[in-house]
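Peer 1: One structure follows; several queries about it will come next.
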Amino acid sequence: MKKSLLFFFLLPAMMWAQGNKPAAAKKPSGNVTLICRVYGVPTNLDSLYVYENMGLANKIVARGGRRPVDSAYVLTVPMSAPKMYLVGSSEQSMAKVILGEEKEVTLWGNSQFMNKARTVNSAANKNFEAVQTRVNQLQEQSTLSRTQFNMATGAARTKAQENLAALGKAKEKYLDSLKKVNQMLWRYASLKLSPDHEGQAGIGEAEFYGMNYFKYADLKDKGFDDMPEVFSAFEAYTATLINMGTPHATAIAMAENKLKELPAGSPTYRRALGGIISTLKTTNSPEYVTLTKKYIDQFRNDNLGEIPRLEMDVRRAGTYVTGIEAPELAGMTPDSSNFSLTQLRGKVVMIDFWASWCGPCRKENPNVVANYHKYKDKGFDILGVSLDRDMGAWRKAIAADGLPWHHISDLKGWQSAHAALYSVTSIPQTLLLDRDGKIIARNLRGEALGQKLKELFGS
């Protein structure tokens, strides 16, 4: 069994690479024609696009319309060393395709499921599919072997450790053989495959992967600048650390140490930082805002369309992070004038999201009123932000509950732009800001609100 398993892992890369010729030293000239035979096409789909994936954004490389003779979409890109591109009608459904040296490539697929599209008459893409299959096999074996090792004891654990060591050698042998015949596919595979923690003494899993996750990939190699997979590799790297229970701050420190090894501002760096940010967002990490601001600052002058989106995300995410300045709020008052949050700068301010129809909000109002009167002369103020739709109901609730502070609303209910900016999906919700407009706390109500205000102002 052991011999057959090792044979399976040591299958030479040359089996799929037969006929794959090394790139000529002379720079290719002319164009590559990509013919897309796509079915399930909406009647209004007049174009397909070729994108270069930069991680958090895609750069349009080519656009092609439908050929009248057979309804195929035809696109052209300059000939070059082989590169990975994305092809589709939108960024929501795209096929991954290698283009560069082959004069013509045909892609077949369903417009709604372009990720499952396949090429014909393309040795480069056939080889890529073979590498993807092999990488998936090795990844699955890693997962199984690590599980067996972690569950085993005694002699079984020793055996499992030997299997992990054999698997590591198999990965290295596969990557070495791949590197000799196809540098681009080696870079792809080296980002997808990582060494396995074999129970090394004195080093835990998180620390091991923090240092060794990219052992097989020489990320200083300039060729990685053309490798979109850097983005997903750093996504997976950060997620691996966090899923192992590594504190977010520690995981970010490890990730930033990896970033320091990359040429600052390079495409490799941009994709790597983007991958880290992507994972921080999906895990609701408190570090998301800091790293995203770093990305915005570095790539603002090379905006590919992601910068405005990230700036909006930072404003929204920042409403949950203490020490971050709260986004500006401005809107219509009950007397149809205008008022803004910045007009309260210099005071400790509570932003109170509520509505006349919200029972829990109205129940909390007496507590808020009491605290307002207790601390207003010491510099405490409130900005009520209503999710009402009816002006009359809003005014009536303010009068009935005796709410003497400032109020604004865009009268759009749950479609309120104010609520969206602050990621408010339920009410009541509150934010407490310091005199500089920075967030102190979120969702203080009842006794907790009174205790915090006492801490800030004294009895």
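The values are calculated or read from the model by the stated rules, or taken from the named source; none is laboratory data. If you're wondering where the values come from, they're calculated on a predicted model, not measured in any experiment. Positions of Cβ are backbone-derived with ideal geometry, glycine not excepted, and every protein chain shown enters the neighbour counts.
Residues are listed down the side, and each one gets a yes or a no for (1) farther than 29 Å from ASN127 by Cα; (2) assigned by TED's automatic domain parsing to the domain that holds LYS281; (3) out of contact with any Leu (no Cβ under 6 Å at 6 or more places or on another chain):
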{"site": "ALA152", "(1), (2), (3)": "yes, no, yes"}
{"site": "LYS171", "(1), (2), (3)": "no, no, no"}
{"site": "SER177", "(1), (2), (3)": "no, no, yes"}
{"site": "GLU207", "(1), (2), (3)": "yes, no, yes"}
{"site": "ASN212", "(1), (2), (3)": "no, no, yes"}
{"site": "GLU229", "(1), (2), (3)": "no, yes, no"}
{"site": "ALA233", "(1), (2), (3)": "no, yes, no"}
{"site": "GLY245", "(1), (2), (3)": "yes, yes, yes"}
{"site": "ALA251", "(1), (2), (3)": "yes, yes, no"}
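Peer 1: While we're on this one: If a residue has to be touching a Leu at 6+ places or on another chain (Cβ under 9 Å), farther than 17 Å from ASN338 by Cβ and crowded, with 18+ Cβ neighbours inside 10 Å to count, how many in segment 389-427 make the cut?
Peer 2: 6
Peer 1: Could you please find all residues in segment 198-216 being assigned to a loop (DSSP other than H, G, I, E, B) and either at pLDDT below 90 or more than 30 Å from THR158 (Cβ to Cβ) (or both)?
Peer 2: Going residue by residue through segment 198-216, those that are assigned to a loop (DSSP other than H, G, I, E, B) are 198-204, 213-216.
Correct list: GLU198, GLY199, GLN200, ALA201, GLY202, ILE203, GLY204.
Peer 1: Do the conditions hold for SER409, that is, is it in contact (Cβ under 8 Å) with a residue 12 or more places away in the chain and either farther than 14 Å from ASP335 by Cα or within 40 Å of the chain's Cα centre (by Cα) (or both)?
Peer 2: When the stated conditions are applied, SER409 passes them.
Peer 1: Hey, among LEU304, LEU310, which residue is closer than 30 Å to GLU52 by Cα, in contact with a helix residue (DSSP H, G or I) (Cβ under 8 Å, 6 or more places away or on another chain) and of a type outside the set (Phe, Trp, Tyr)?
Peer 2: Sole residue among the options that is closer than 30 Å to GLU52 by Cα, in contact with a helix residue (DSSP H, G or I) (Cβ under 8 Å, 6 or more places away or on another chain) and of a type outside the set (Phe, Trp, Tyr): LEU310.
A quick yes/no check of all residues on (1) surrounded by 13 or more Cβ atoms within 10 Å (Cβ to Cβ); (2) farther than 22 Å from PRO228 by Cβ; (3) in contact (Cβ under 8 Å) with a residue 60 or more places away in the chain; (4) of a type in the set (S, T, N, Q):
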{"site": "LYS116", "(1), (2), (3), (4)": "no, no, no, no"}
{"site": "SER122", "(1), (2), (3), (4)": "yes, no, no, yes"}
{"site": "ASN125", "(1), (2), (3), (4)": "yes, no, no, yes"}
{"site": "PHE128", "(1), (2), (3), (4)": "yes, no, yes, no"}
{"site": "THR143", "(1), (2), (3), (4)": "no, yes, no, yes"}
{"site": "SER177", "(1), (2), (3), (4)": "yes, yes, yes, yes"}
{"site": "GLN183", "(1), (2), (3), (4)": "yes, no, no, yes"}
{"site": "LYS192", "(1), (2), (3), (4)": "yes, no, no, no"}
{"site": "GLN200", "(1), (2), (3), (4)": "no, yes, no, yes"}
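Peer 1: Collect the residues in segment 29-71 that are surrounded by fewer than 19 Cβ atoms within 10 Å (Cβ to Cβ), among the aliphatic types (A, V, I, L, M), modelled with pLDDT of 90 or more and in a loop (DSSP other than H, G, I, E, B), keeping them in residue-number order.
Peer 2: VAL69
Peer 1: Any chance you could count how many residues in segment 222-252 are farther than 22 Å from LEU310 by Cβ, among the aliphatic types (A, V, I, L, M) and surrounded by fewer than 18 Cβ atoms within 10 Å (Cβ to Cβ)?
Peer 2: Looking only at that region, the number is 1.
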